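Below: the structure, in C-alpha cells.
The values are calculated or read from the model by the stated rules, or taken from the named source; none is laboratory data. Fair warning: this is a prediction, and the values are worked out from it, not measured in the lab. Cβ placement follows ideal geometry from the backbone for every residue including glycine, while neighbour counts extend to all protein chains displayed.
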Amino acid sequence: MASRRYESTDVGRAFELAADRRAARAVTAKTVCVPRVLEIRRGAIADVAVLLAGADFPLGRTVVGTGGARTARIAAGVVRQLRREGTCAVVPAAAPTAEGVSRLVEAIRRCRAEVCIAVGGGRVIDAVKHACSLTDTRLVSLPTSLAHDGISSPIASLVGPDGRRTSVGAVGPDAVVVDLDVVQGAPPRTSRAGAADLLSNLTALADWRLAVERGRDTYDGFSALVAEEAARSLLGPGSASPGGSLETLARGLVLSGLAMAAARSSRPCSGAEHLISHSLDRLLGNRARLHGEQVALGVLIAGTAQGSLTPELAAAYDRWSLPRSPRDLGLDRGVVVEAVIRARETRPARYTILDELELSRSGVEALVEQAFATGDSRRRHGPRLSAAAEGDSARQRPRPRTSGVAPRTPRRRGP
Ligand SMILES: [Zn+2]
C-alpha cells in the first residue's frame with residue numbers, strides 16, 4: 001500500500017500555522033537543561049571516556065578536578081582514560097574557595113579545555129561547577145560520595161574567606177556518572193547525610209506551600225512534584241537503606257537537581273531546615289558537620305514547627321540511622337538553639353515556617369526540646385520510636401505567631 005503523502009497546499013498551510021502556534025507557546029513554556037549523559041550503575045567509572053565520547057563530548061582537551069587522597073586515586077583511572085583521547089590536566093585538592101576556583105579557571109583557560117570533570121565529593125563538585133560557569137565549559141559530575149543533592153544541581157555552595165558558605169547559581173552538569181561501587185566505598189556518614197538532604201525536600205516543600213499561601217512566593221507544580229517524588233523514594237518499607245542499594249538515593253539526588261533546575265532556584269529542596277544548617281555553618285565555621293547531617297536536625301525542628309512529621313519519615317530516620325539530636329553529632333544543644341534564632345538572617349527573602357514563629361530564646365528552646373524529644377528518649381530507652389511520641393511533641397510545641405501553618409494546597413497567584 002502506497003504511503004500517504006502530506007504535500008497538499010492545505011496541509012502545508014496547516015503545518016505552518018501549527019509551527020507559528022508552537023513558536024508563540026514557547027514564550028510561556030519552560031526549557032529545562034538536563035544532563036546529556038546520566039549513568040548510575042556499578043563499574044560506570046571504567047567507561048567514563050566511552051560514555052562521553054559516545055555523546056559527542058569533545059575530549060581532546062580536558063581538565064579533571066579532584067579532592068583528597070581517596071578521590072585522587074579514583075580520578076587517576078579517569079585521567080588515564082581521558083589521556084587516550086587527548087590532553088588532560090589535573091587540578092588536585094579543588095576547593096570551593098576563591099583560590100580553589102581560580103586554580104581551576106586558570107587550568108581550563110591554559111588548556112583551552114572544553115570539558116571539565118569533577119571527580120570527588122561535594123566540595124570538589126561545587127568548585128568545578130562554579131569554574132565551569134565562569135568559563136562556559138561543559139561540566140561532568142562524577143561524585144565519589146552521595147552526601148548531598150549538589151551532585152546534579154545548578155547551584156554551587158562556595159566558602160568565603162570568613163569560612164561562611166554562600167549558594168550561587170551555576171551551570172548544571174552536562175553529564176552525571178555515579179559508580180555505585182565508588183560511592184559505596186565512601187564513609188557511611190556521607191550517604192546518611194545525602195539521605196537526610198533528600199528527605200528534607202518534604203519540609204522544604206511544606207515551607208514553599210506556606211510561602212505561596214501567604215503570598216510570599218510563586219509555585220511551580222512540576223518542580224514540586226519532582227522534588228516530592230524524589231524524597232518519597234526513601235519512604236516506605238521497600239525503600240533503600242545503607243545496607244541495601246544506594247541506587248535509590250543516587251536517583252533521588254539527581255531528581256532533586258532536576259527539581260532545582262526546573263524551578264531555577266533551590267526552593268523545592270531548601271526551606272527552614274536548610275536555613276538552620278546554614279546558620280550552624282556560620283556559628284561552627286570549620287567545625288561544622290556535614291551539610292546533610294545538620295539538615296537532618298533542621299528537618300526535625302522545621303517539621304515539628306510545621307506539624308508535618310510523619311511516622312514514615314521517622315521510619316526513614318531509623319532505617320538510615322540519621323541524627324535525631326545535637327548529641328548524635330557531638331554538638332551542644334545551645335548552639336542549635338542559637339542557630340535557629342539566627343537562621344532567618346542567612347536568607348531573609350526565603351519565607352519559611354520560621355517567619356511565623358516567635359523566636360524568643362525560651363520559645364526556641366521549647367521548640368528544640370520538642371523536636372529532639374524522640375532522639376533523647378531513644379538514647380534513654382533504646383531504639384524504639386513510636387509515632388505517639390511525635391504526636392505528644394506536636395501537641396506541646398510552641399504555638400506559631402499566626403494560625404494555620406500546616407501545609408495546604410497552594411493557590412496560584414495571578415494569571
Ligand atoms: Zn541541601
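Can you tell me which residues in segment 277-292 are over 27 Å from residue 222 (Cβ atoms) and crowded, with 24+ Cβ neighbours inside 10 Å?
Residues satisfying the conditions are 279, 280, 290.
Looking at segment 172-230, which of its residues are among the β-branched types (Val, Ile, Thr) and part of a helix (DSSP H, G or I)?
Passing the criteria: 182, 183, 190, 203, 212, 226.
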task = Would you check if residue 133 is in a helix (DSSP H, G or I), out of contact with any helix residue (DSSP H, G or I) (no Cβ under 7 Å at 6 or more places or on another chain) and among the polar types (S, T, N, Q)?
result = yes
inquiry  = Take residue 151 and tell me if it is buried (at least 24 other Cβ atoms within 10 Å of the Cβ) and outside the structural domain of residue 294 (by TED's automatic domain parsing).
reply    = yes
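Check segment 287-296 and report whether any residue there is in contact with a strand residue (DSSP E or B) (Cβ under 8 Å, 6 or more places away or on another chain), outside the structural domain of residue 155 (by TED's automatic domain parsing) and of a type outside the set (Val, Ile, Thr).
yes
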task = Can you tell me which residue within segment 165-201, out of those that are of a type in the set (A, V, I, L, M, F, W, C) and closer than 20 Å to residue 135 by Cβ, is surrounded by the most Cβ atoms within 10 Å (Cβ to Cβ)?
result = 176
remark   = If you go through 272, 224, 302, the only one that is surrounded by 19 or more Cβ atoms within 10 Å (Cβ to Cβ) and more than 20 Å from residue 348 (Cα to Cα) is 224
key: segment 207-221, subset farther than 14 Å from residue 262 by Cα and surrounded by fewer than 24 Cβ atoms within 10 Å (Cβ to Cβ), residue farthest from the ligand (Cβ to nearest atom)   = 215
Out of 123, 138, sole residue that is modelled with pLDDT under 95 and within 27 Å of the chain's Cα centre (by Cα) = 123
note = Flagged in segment 282-299 as part of a helix (DSSP H, G or I) and within 15 Å of the ligand (Cβ to nearest atom), in numbering order, are 291, 292, 293, 294, 295, 296, 297, 298, 299
request  = Pick out the one residue from 138, 110, 123 that is away from the ligand (no atom under 16 Å from the Cβ), touching a helix residue (DSSP H, G or I) at 6+ places or on another chain (Cβ under 9 Å) and of a type in the set (D, E, K, R).
outcome  = 138
message = Take the residues in segment 247-269 that are in a helix (DSSP H, G or I) and not hydrophobic (A, V, I, L, M, F, W, C); name whichever of them is surrounded by the most Cβ atoms within 10 Å (Cβ to Cβ).
response = 256
request  = May I ask you to list pairs of residues, at least six apart or on different chains, whose Cβ atoms are under 8 Å apart, with the first in segment 262-274 being within 14 Å of residue 196 (Cβ to Cβ) and the second being more than 12 Å from the ligand (Cβ to nearest atom) and of a type in the set (D, E, K, R)?
outcome  = 270/350; 271/207; 271/350
ask   = Has segment 236-248 got at least one residue that is at positive phi and more than 16 Å from the chain's Cα centre (by Cα)?
value = yes
query = Do we find a residue being among the hydroxyl-bearing types (Ser, Thr, Tyr), within 16 Å of the ligand (Cβ to nearest atom) and under 22 Å from residue 122 (Cα atoms) anywhere in segment 300-321?
reply = no
ask   = Does residue 266 fit the bill of being within 12 Å of the ligand (Cβ to nearest atom) and in the same structural domain as residue 300 (by TED's automatic domain parsing)?
value = yes
key: Looking only at segment 145-171, and only at residues there that are out of contact with any Pro (no Cβ under 6 Å at 6 or more places or on another chain) and either in a helix (DSSP H, G or I) or among the charged types (D, E, K, R) (or both), the one that is farthest from the ligand (Cβ to nearest atom)   = 162
Tally of residues being under 18 Å from residue 76 (Cβ atoms) and not in a strand (DSSP E or B) across segment 114-124 = 2
ask   = Does residue 344 satisfy being more than 13 Å from the ligand (Cβ to nearest atom), farther than 27 Å from residue 211 by Cβ and in a helix (DSSP H, G or I)?
value = no
